[in-house]
Amino acid sequence: MTETATQLGFTAEAFNALLGSRKEPDWLTELRRSAFKTFSASSLPDRSEEEWMRTDIRLFHPERFAPPAIGDASASSEEIVEPLLTRGVQLAGRTAAVDGRTVVDQLEPKWADRGVLFGSLGRLVAQHGELLRPHLLARAVDPHADYFSALHAAFWTGGTLLYVPRGVVVDEPFHMISSLNDGRVDLGHTLVVLEEGAEATLLAETASADERAGGLHCGAIELLVGPNASLRYVNLQNWGSGVWHFARQKALVDRDARLQWTIGALGSRLAKVNQHVALVGPGADVQVNGVMFTQGKQHLSYHTLQHHEAPSCHSDLLYKAGLQGHSRTVWRGMIKVDRAAQKTDGYQRNDSLILNSNARADSIPGLEIEADDVRCTHGSTAGRVDEEQVFYARSRGYTRQEAIRMIVTGFFQQIFDRITIESVRDALAEAIGRRIREYE
Amino acid sequence: MIDVMKHESLKITNLHVAVEGKPILHGVNLEIRRGETHALMGPNGSGKSTLGFAVAGHPKYEVTEGTIELCGETINDWSPDKRARQGVFMAFQRPMAIPGVKMADFLRHATTNVRRPDRKEGEDLIPMREFRKELRGKMEQLKMDMEFARRYVNDGFSGGEMKRAEILQLAMLMPKFAILDETDSGLDADAVRLASESIAQIGGDEMGILIITHHDKLLEHNTPDYTHVMLGGRIVETAGKELAEELHSQGYDRVRADYPEAAEAELGVRS
């Protein structure tokens with residue numbers, strides 16, 4: 001552990017040490033400074049705010065965490081957690097970070113030759129500052145939105161960039177993994193820019209070295225999908241059960257572009273995520289898949305927004321949650337349709353399967369529609385495993401546990417059927433299957 | 001048929017069953033030997049399905065008195081899955097849908113468990129190729145489209161499709177004893193004929209079958225060795241196939257008149 005890592009708290013001292021250690025474009029330093037100003041002036045949100053009403057963070061003490069260690073001196077690729085999404089997959093490039101420090105940074109030369117940029121955001125922003133300036137924390141995620149977005153924008157390190165130039169179709173997926181050791185901090189930033197007609201798939205994983213590990217992740221994801229471009233983005237959140245997870249995630253999807261965004265939310269002690277999809281060009285088409293599985297005392301709070309800003313767009317969101325132990329999920333979904341967004345076709349649905357009567361699922365769908373020629377539907381269900389289904393399976397020779405595992409797997413199958421990436425389907429099914437086994 | 005099989009029976013003695021504290025069966029006696037076909041008839045609410053659920057081991061159906069014996073062993077305390085693995089099968093009147101689980105996967109797991117009663121969870125299933133081949137054969141025999149196997153268990157099935165799916169499960173699991181609870185309801189005349197033929201074919205002379213039905217069509221190819229009439233939670237009369245014919249054409253008025261006590265109990269159950 002380096003000396004800087006032992007300095008706790010997101011203090012001015014820590015901030016200045018961070019700035020001093022980085023060679024970044026001036027505009028980025030300014031961005032950090034302005035975010036730090038906002039951060040210093042803001043306080044942790046409390047339960048009087050609608051978004052935090054159901055999510056109690058009184059036990060979260062940011063002063064007990066240290067900003068990621070500066071420099072790569074102690075970084076080791078041996079600390080990377082085994083990835084789940086890459087089995088049998090030929091990758092176009094990969095990055096890995098440990099405790100917010102990039103330790104693997106690779107791009108296949110054939111894609112580099114086509115002008116693709118992929119790798120450590122910290123490295124690439126130093127090399128391609130002017131190219132990234134209009135995109136990084138400028139169009140999608142607002143650094144000043146709240147305490148956590150400001151903390152992230154001021155202190156982020158590591159991170160991953162994927163930039164695909166106009167018309168380039170990358171038919172192999174990219175992979176990134178952020179690993180956390182117990183008690184450490186990851187403030188990774190993900191930026192994806194697809195120019196017009198570009199196509200790519202990015203598989204992103206976050207995981208702890210130990211499933212019971214603690215730590216802090218305060219991150220942001222920005223997906224900028226240009227006209228007629230196509231992006232498949234997967235993020236599998238598999239932090240240890242002691243990790244605090246705060247994230248702002250936003251996609252801007254332009255004219256006739258397509259985005260398939262799949263979220264697997266399995267880990268963390270407490271997660272508070274804002275997932276925001278903005279359909280900003282006519283004909284944009286977005287599919288969002290959310291798979292949540294919680295246990296123990298986990299609390300996962302996901303706030304989704306499908307914002308139709310342009311006409312004739314389609315968005316389709318399905319979140320499914322399985323809960324056991326004393327865990328709790330909160331899903332608060334909103335479809336917002338601007339006056340200009342005529343011919344909108346929007347859908348959102350959240351289904352929760354409660355495996356233990358101590359678990360609780362809150363589902364709050366919402367519509368806010370200003371246009372008059374739209375079709376928007378929403379729905380949600382929450383319930384226990386049906387004992388009649390269990391008996392039916394048992395009458396066919398299944399044990400009770402086999403029956404429950406099958407029913408829960410079937411519950412998630414509807415969402416797996418939508419996911420077009422086999423390794424992702426398999427990894428999610430396996431991870432969930434393993435957790436149900438633990439339930440016995 | 002091997003002689004030893006004939007001695008294997010499903011024997012129900014003085015069975016009393018309550019559902020949520022409410023007594024439904026009041027002392028049922030019935031013995032089915034392998035190779036025999038029994039018809040169980042009776043008005044709605046007389047307790048026929050209750051008998052099926054009690055034998056299959058549904059936890060809500062509490063046996064308050066009497067015994068269920070399988071090949072000489074009392075199975076009152078057996079779990080439903082143990083009963084299934086030891087050769088008891090019930091075709092449900094209203095099978096449950098299990099969305100997201102393909103019929104073929106559901107059956108492969110079930111078939112493995114039933115054929116290897118000692119199988120522990122996580123142990124290998126019947127090899128996929130071997131299973132598919134067998135399943136295809138059975139489905140052809142039952143004139144079912146293979147597409148059926150790729151659909152989710154009973155999810156969005158029509159009434160008729162559900163019943164055919166139950167028969168397919170019967171064919172794959174090949175139990176020693178099968179209770180078919182109104183496997184003809186919801187089927188048109190042709191489908192009932194097909195079901196009747198299929199059951200006869202599957203059952204052969206090694207399966208003991210209890211057919212719960214209101215009609216005689218399902219019995220066309222499954223001539224009952226015995227016909228039982230249930231009324232007010234008891235079997236009040238047992239005879240041959242002619243009784244099934246009588247009940248189908250003339251209803252239960254004669255039975256009610258002959259067994260006033262049971263008829264009264266029937267009213268009690270209904271109220």
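The values are calculated or read from the model by the stated rules, or taken from the named source; none is laboratory data. Owing to the predicted nature of the structure, the values given are computational and were not obtained by experimental measurement. Methodologically, a virtual Cβ is constructed for each residue, glycine included, from the backbone with ideal geometry; neighbour enumeration extends over all protein chains shown. Just the protein is used for accessible areas: all its heavy atoms, side chains included, with ligands, DNA and RNA removed. Shrake-Rupley method; radii C 1.70, N 1.55, O 1.52, S 1.80 Å.
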Among the residues listed as A:D99, A:D105, the single one being over 30 Å from A:G366 (Cβ atoms) and touching a Lys or Arg at 6+ places or on another chain (Cβ under 6 Å): A:D99
Residue under question is B:Q86, and the condition is that it be open to solvent by less than 60 Å² (accessible area, probe 1.4 Å), within 20 Å of the chain's Cα centre (by Cα) and either closer than 30 Å to B:L187 by Cβ or within 12 Å of another protein chain (Cβ to nearest Cβ) (or both); does it hold? no
Exactly one of A:S380, A:S363, A:S352, A:S423 is open to solvent by 10 Å² or more (accessible area, probe 1.4 Å) and at pLDDT 95 or above, and that one is A:S363
Matching residues, segment A:233-284, being more than 25 Å from A:L187 (Cβ to Cβ) and either in contact with a strand residue (DSSP E or B) (Cβ under 9 Å, 6 or more places away or on another chain) or free of Cβ contacts under 8 Å to residues at least 40 places away in the same chain (or both): A:V253, A:D254, A:D256, A:A257, A:R258, A:Q260, A:L279, A:V280, A:G281, A:P282, A:G283, A:A284
Going through segment B:168-182 in order, the residues found to be under 11 Å from B:L218 (Cβ atoms) and modelled with pLDDT of 95 or more are B:L180
Looking at (1) in contact (Cβ under 8 Å) with a residue 12 or more places away in the chain; (2) crowded, with 17+ Cβ neighbours inside 10 Å, which is the one condition that is false for A:N358? (2)
Among residues of segment A:308-327 being under 30 Å from A:A340 (Cβ atoms) and assigned to a strand (DSSP E or B), the residue most open to solvent (accessible area, probe 1.4 Å) is A:H314
I need the full set of residues from segment A:104-143 which are at positive phi and surrounded by 17 or more Cβ atoms within 10 Å (Cβ to Cβ), in order please. A:G119, A:L137
Just checking, does segment B:6-13 include any residue being of a type in the set (D, E, K, R), open to solvent by 30 Å² or more (accessible area, probe 1.4 Å) and modelled with pLDDT under 95? yes
Hey, among the residues in segment A:395-420 that are among the β-branched types (V, I, T) and either within 18 Å of B:A56 (Cα to Cα) or touching a helix residue (DSSP H, G or I) at 6+ places or on another chain (Cβ under 9 Å) (or both), which one's surrounded by the most Cβ atoms within 10 Å (Cβ to Cβ)? A:I407
Restricted to segment A:396-436, and to residues that are farther than 16 Å from A:S352 by Cβ and facing another protein chain (nearest Cβ under 7 Å), which residue is nearest to the chain's Cα centre (by Cα)? A:M406
Where A:R101 falls short, out of the listed (1) at pLDDT 95 or above; (2) surrounded by 22 or more Cβ atoms within 10 Å (Cβ to Cβ): (1)
Could you tell me whether segment B:129-152 includes any residue that is closer than 30 Å to B:A191 by Cβ and at the interface with chain A (Cβ under 9 Å from one of its Cβ atoms)? yes
In segment A:161-172, which residues are under 21 Å from A:G122 (Cα atoms) and open to solvent by 10 Å² or more (accessible area, probe 1.4 Å)? A:Y163, A:P165
The correct count of residues that are touching a His at 6+ places or on another chain (Cβ under 7 Å) and within 12 Å of A:L162 (Cα to Cα) in segment A:190-221 is 3
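Among the residues of segment B:132-144, write down those that are without any contact (Cβ under 8 Å) to a residue 24 or more places away in the chain and over 24 Å from the mean Cα position of the chain (by Cα).
B:K133
Residue-by-condition table, conditions (1) at pLDDT 95 or above; (2) under 17 Å from B:A56 (Cβ atoms):
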| site | (1), (2) |
| --- | --- |
| B:D184 | no, no |
| B:D188 | no, no |
| B:R193 | no, no |
| B:G203 | no, no |
| B:L210 | yes, yes |
| B:H214 | no, no |
| B:L218 | no, no |
| B:V236 | yes, no |
| B:K241 | no, no |
Is there any pair linking a residue in segment A:377-390 that is away from every other protein chain (no Cβ under 14 Å) to one that is of a type in the set (K, R), with Cβ under 6 Å and at least six apart or on different chains, and which? A:G379/A:R349
